[in-house]
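The values are calculated or read from the model by the stated rules, or taken from the named source; none is laboratory data. Bear in mind the structure is a predicted one, so any value in this text is a computation, not a measurement. Every residue, glycine among them, receives a Cβ derived from its backbone with ideal geometry; neighbour counts consider all protein chains shown. Quick note on the areas: whole protein, heavy atoms, side chains included, nothing else; ligands and nucleic acids left out. Shrake-Rupley method; radii C 1.70, N 1.55, O 1.52, S 1.80 Å.
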Amino acid sequence: MAISTPAASAAAVEVSGVGRVFQAKGGSVTALHNIDLRIEPGELFGLLGPNGAGKSTLIKILSTLLLPSSGSASIFGLDVVRDTARVRRIMNLVAGGDFSGYGLLTAREQLAMFAQFYGMPYAEGMRRVDAQIEAFGITDIRDRKISALSTGQRQKLNFARSFLNEPWMLFLDEPTIGLDVSAARDVRERVRAFQAEQPGRTVLLTTHYMAEADEMCDRIAIVDHGRILAQGTPTELKRMVQKETLFIVGVDELPAAVSLGTLRELPGVISVVVRDADGADGNGVGSPVTRLAIALREDAALGGVISALAAAGAHLREISKSEPTLEEVFVQLVGRGISESDSEQAL
Amino acid sequence: MESCSPVQIDLTSRTSRAFGPLRGDAADAARSLIASARLAWAIEGNWAEPFFLLVYLIIRPLAFLGLFLAVLSIGGTLNPASIGFVVVGQAVFQIVGAAMQGPTHALLDDRERYRTIRYIFATPSSLLPVSIGRALVKALIAAISAVIVIGVGALIGMPMRAGGPDLPLLLVVMTLGLTSIVGLGIALGAVCVQLRNDAWGYPQAVAGSVFLLCGAIFPLDTLPRALQLIGAALPMTWWIEGVRRALLGTASPGLLGELSTPLLLLVLTVGTVLITLAAPRLFTIGIDRAREKGYLDRSTAS
Amino acid sequence: MSAAGVPKDLHARIYAETEWSLSHKLRHAAQSVVGRAYPRIFGMSREPSWLFFDLVFPTLGMCSFVFLLRSRGADEAWISATILASALLTFWTSVIWMMAGQFRWERDSGNMTLYITAPVGLGSIALGMAVGGAVGMAFRAGIIILGGSLLFGAQYEIREPLLLALTMLLGIAAMYALGVCLAAVFLVSGREADHLGDLLNEPMQLLGGLFAPVRSLGIFGLLAIGILPLAPAADAMRQLAVPQLAASGLLPVPVELGILAVMFVVFSLLSHFSLAFIERRGRADGKLLTRAD
Ligand SMILES: Nc1ncnc2c1ncn2[C@@H]1O[C@H](COP(=O)(O)OP(=O)(O)OP(=O)(O)O)[C@@H](O)[C@H]1O
Ligand SMILES: [Mg+2]
């Protein structure tokens, strides 16, 4: 069979020109427009976007659940439409809010059942089942029926299941939805450990949690209305909304010897404004602080500003670098906050 | 989530207020019941679907009838009296079976399919009107097929009462019978919601056993003594007998036939009152237990 | 950073991993069938209520036919036949509720998504469902036959046990194969499927000649024996186990056995195609296989 030579593409995920149109009652819905995306082996790549952006649609196409209407996509060089059987041997999937499995089985039996579906010999399957139970710290619920598990326990089980076939490509569609802080932290750690165990394991994650995306993802694509609006590392994305670097410098009070004008004249300085005169200090006690917001072309220009202030006799109280959040990037690109769009569907 | 969830929300907002079983303001209770029946109608009454009409109003009831007549004919040629006996029992039992399924299916639908039960119906008091509504609507739909069965029965030789059906008797018996069956249906729903996924089939199974005991297709006298007693304790037994007298104009052969009609009505009334008092309490206990054990949001197929 | 430590020949290695030998594929298919059958064989009996519902109620249904027969003074041999029919009915009921309706449930619970994305064929899943269902039901059917026969003092006279075993085996196999086709039909037909399930229940008991022989149905009986596995299975079983009623058979046993064998093959092929169809259609329309959320 003429299968695309596996080494031809070095990407883990290669999406080119993928579009997807759904036929719905009121006409057709275009969930994805001509998407191009490339994910490198070993990356943890995030898709961030409001409800209905097309994230799940893309994951479904990549995980062979859905055919693209146009374009092509491959996982480690295997075409998701033509080489379906092969793709399924190297991938796995976890979706949030999942009720999968059979309520009357115990947690361990459920994992054992899935191990049979993933193609490893029985003994090896059972070894991995027990290893995952151990790794997720769910030994205590091992022999409890699925129907008696909490959402968090079920989702850990679901993650354990997805690791059973040691997939090269793992798709996570809002996997931490409904999990409490500590359970979410646990599974995030497991995902990282899973990737670290074997270089090349690649993860594609969708999430609504900005902090999760920021913290976990090597790179992120922001998606809305079926289009990728921007992609890059979290730092790169933040750079997009704020080209200059911003420092907040707090002094006792602005010495008469320096005016904002003189500071603005310094090399590398773009602007200086007083953010709050006589603000409370960090602890809410002590004498008031005057904070200057100083925009610089580059970090190095800060030295000049500090010396100028010091030379004029200002007493320095605090210096901090102000980073834009992913949320701000999102709002700027999508035109609305992710939590706003979330609350629309809350019920 | 299919079409019904918005309706449900609308419903609870109205019902969750005060409709405690047997308590609360009667007008409020009635309003809840009407809202629930409307909801049930929306869910159950796929009236626009010809396939639905065909299956539930015609094919299934007639298949049942055919099945019993076929078995009946194994024991020799059919005579009009035995055709009449089976046709009426069968027709009334359409209603019994359907009403018994209504509440269970309402609860399981929510639990297994829409998974809304834990969000929306957090209290037994809001589940109760929905269950009653589903039972009533199912019973009413089934009543149409009962009429069809009687019609077909008349065509194939069922003897009718001279001078037409005894309508007052029919009305009284049907009202009492429907009330008691809805009560039994909701009690059954509260039991079934504690069970596995294939609890879908359980009300039907219970209906099947009631069918055996209430003299629907063969006289009670055929049963062993102990079962006869249980049969006599079921309101459905008296209901069916009452309908037979109203439609056929003759009492059944055997024990039941010897009772006078007023006595029959008295027994049916007492049974109905007892069930109407007990069922909502049973329902509340069942739902409370299910909620306590977390059965309302589990799904248990294998 | 992403490229750190990623071997150069990664793609080639992964490609090699996707290369499964024939024996690997066979072992995997066998394991998958057992894996899917497991929850049915072991899970199903875990709720103590199964005893009550899976045994007591079918028995009650059987009793109403027995009493109906007795009320008419029918030959006691018909009671033996009724007990056998009730056992067969357990399988048919499980075909309706646990096969035909199952894929919809698997879809709504999210299992279907996992099956499709796993390297397991829907065929193995369906076969596992069938094997698990049949084994679970065989146990129940056995108890029903035993209990019913003791309760009513039913007698059987089995002259050809092998033929009887073959009839039951083929009948059950054909029913479950049909069940897989129905699973696909139910999945595609959406909400109408509920009605379909009910259509398959009592009307098919009548058409299948379970409690009254198909012979009495005239032309419909002949039709039923040609398309509904219940019909030849029930008819042949009655002839084989209750020889006094041999005259009630519509066709000679070997012919009915042949029909069952053909049905098994045809329904197996049909289920193969219908599974392929639902997977293709599901991936194309995006609704059939994944939970609407
Ligand atoms: N099977 C389908 N039929 C019709 N329309 C669909 C179907 N699946 C998805 N859509 C539509 O495609 C668009 C993208 O949906 P998708 O599920 O990919 O969004 P998402 O980014 O995952 O959103 P969410 O954050 O809510 O999960 C939406 O407008 C959705 O309504
Ligand atoms: Mg999504």
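Taken as Cα centroids, region B:230-284 and region C:101-141 sit 45 Å apart, rounded to the nearest whole angstrom.
Putting +1 on Lys and Arg Cβ atoms and -1 on Asp and Glu Cβ atoms, find which of B:88, B:175, C:288 reaches farthest to the positive end of the dipole of the protein assembly as shown. Of the listed residues, the answer is B:88.
If Rh is defined by the Kirkwood formula over all Cα pairs and Rg also comes from Cα, what ratio Rg/Rh do you get for region A:13-118? Taking Rg over the Kirkwood Rh, I get 1.02. Each residue was assigned an accessible area with a 1.4 Å probe, and for residue C:280 the value is about 150 Å². When B and A come together, around 600 square angstrom of accessible surface is lost from both chains combined, probe 1.4 Å.
Where does the charge balance sit around residue A:202 when Lys and Arg score +1, Asp and Glu -1, over other residues with C-beta under 9 Å from its C-beta? Walk me through the numbers before you get to the answer.
Numbers: positive: A:201; negative: A:40, A:43.
After counting each charged neighbour, the total is -1.
Within 10 Å of each Cβ of C:255-266, how many other protein chain Cβ atoms are there on average?
0
Buried accessible surface for the C/B chain pair comes to about 4200 Å², total over both chains, computed with a 1.4 Å probe. Only protein atoms count toward the accessible area here, which uses a 1.4 Å probe; on region A:243-321, the carbon and sulfur part of that area reaches 54 percent. Using a/c under 1.5 as the rounded threshold, could you call chain C rounded, prolate or oblate? The axes a ≥ b ≥ c are square roots of the C-alpha gyration tensor eigenvalues, and prolate needs a/b larger than b/c, oblate otherwise. Taking the square roots of the gyration eigenvalues as a ≥ b ≥ c, chain C is prolate. Taking the DSSP beta bridges with both ends in the protein assembly as shown, the antiparallel portion is around 70 percent. Solvent exposure of residue C:6, expressed as accessible area, is near 30 Å², computed with a probe of 1.4 Å over the protein chains only.
Could you compute how much accessible area chains C and A hide from each other, both sides summed, with a 1.4 Å probe? Nearest 100 Å² is fine. Present the calculation step by step, with values, prior to reporting the outcome.
Working: alone 15710 and 16760 Å², together 27900 Å².
Adding both sides of the contact gives about 4600 Å².
Remark: mean inter-chain Cβ contacts per residue of A:144-157 equal 2, using a 10 Å Cβ-Cβ cutoff to other protein chain atoms. Electrostatic tally near residue C:128: other residues with Cβ closer than 10 Å to its Cβ, Lys and Arg +1, Asp and Glu -1, net +2.
Roughly how many percent of the accessible protein surface of region C:169-277 is carbon and sulfur, given a 1.4 Å probe and a whole-percent answer? It is 80 percent, rounded to a whole number.
Remark: accessible surface ordering of B:77, A:57, B:222 (largest first) is B:77, B:222, A:57, probe radius 1.4 Å.
If Rh is defined by the Kirkwood formula over all Cα pairs and Rg also comes from Cα, what ratio Rg/Rh do you get for the protein assembly as shown? It would help to have the intermediate numbers written out before the result.
Working: Rg = 34.3 Å, Rh = 31.7 Å.
Here the Rg-to-Rh quotient is 1.08.
Protein heavy-atom accessible surface, 1.4 Å probe, per residue over chain A: 41 Å². Averaged over the residues of C:234-242, the number of partner chain Cβ atoms lying within 10 Å of the residue Cβ comes to 0.
Solvent exposure of residue C:219, expressed as accessible area, is near 130 Å², computed with a probe of 1.4 Å over the protein chains only.
Before rounding to the nearest 500, sum -39500 (n - 2.57) across all DSSP H runs of length at least 4 in chain A and divide by the residue total; then give [θ] at 222 nm in deg cm²/dmol.
Numbers: 12 runs with 118 residues, N = 347.
After summing the helix terms and dividing by the residues of chain A, the value is -10000 deg cm²/dmol.
Between residue C:159 and residue C:24, the FRET efficiency estimated from the beta carbon spacing at R0 = 51 angstrom works out to 0.65. The shape of chain A can be summarised by an equivalent ellipsoid whose semi-axes, obtained from the alpha carbon gyration tensor, come to 47, 25, 19 Å from longest to shortest.
Keeping every protein chain in place, order B:293, B:138 by accessible area at 1.4 Å, biggest value first, i.e. largest first. Write down the numbers at each step before the final one.
Working: B:293 110, B:138 35 Å².
Descending order: B:293, B:138.
Ligands, DNA and RNA are left out, and with a 1.4 angstrom probe the accessible area of region B:26-297 is 36 Å² per residue. Counting only the Cα atoms, region A:243-321 fills a convex hull of 79 Å³ per residue. Going from the chain on its own to the full set of protein chains, region C:269-293 has these residues losing 50 Å² or more of accessible surface (heavy atoms, 1.4 Å probe, no ligands, DNA or RNA): C:283, C:291.
Among the lysines in the protein assembly as shown, how many pairs, 8 or more places apart or on different chains, have alpha carbons under 18 Å apart?
Details: A:25/C:287; A:55/C:287; A:60/C:287; A:145/A:156; A:145/B:293; A:238/A:321; A:243/A:321.
Lysine pair count for the protein assembly as shown: 7.
Just add up the charged neighbours of residue B:261: K/R +1, D/E -1, any other residue whose Cβ is under 10 Å from the Cβ of residue B:261. With Lys, Arg at +1 and Asp, Glu at -1, the neighbours total -1.
Using modelled amide H (1.01 Å from N, peptide plane; none on Pro or chain starts), what sits under 5 Å from the amide H of residue B:160, excluding residues fewer than 5 places away? Placed amide hydrogens put nothing under 5 Å from residue B:160. In terms of its alpha-carbon gyration tensor, region B:26-297 comes out prolate; a/c meets the 1.5 threshold, and the first ratio a/b outweighs b/c.
What shape does region B:141-272 take by its C-alpha gyration tensor, where a ≥ b ≥ c are the square roots of the eigenvalues and a/c under 1.5 counts as rounded, a/b above b/c as prolate, and the rest as oblate?
Numbers: a/c = 1.72, a/b = 1.46, b/c = 1.18.
Taking the square roots of the gyration eigenvalues as a ≥ b ≥ c, region B:141-272 is prolate.
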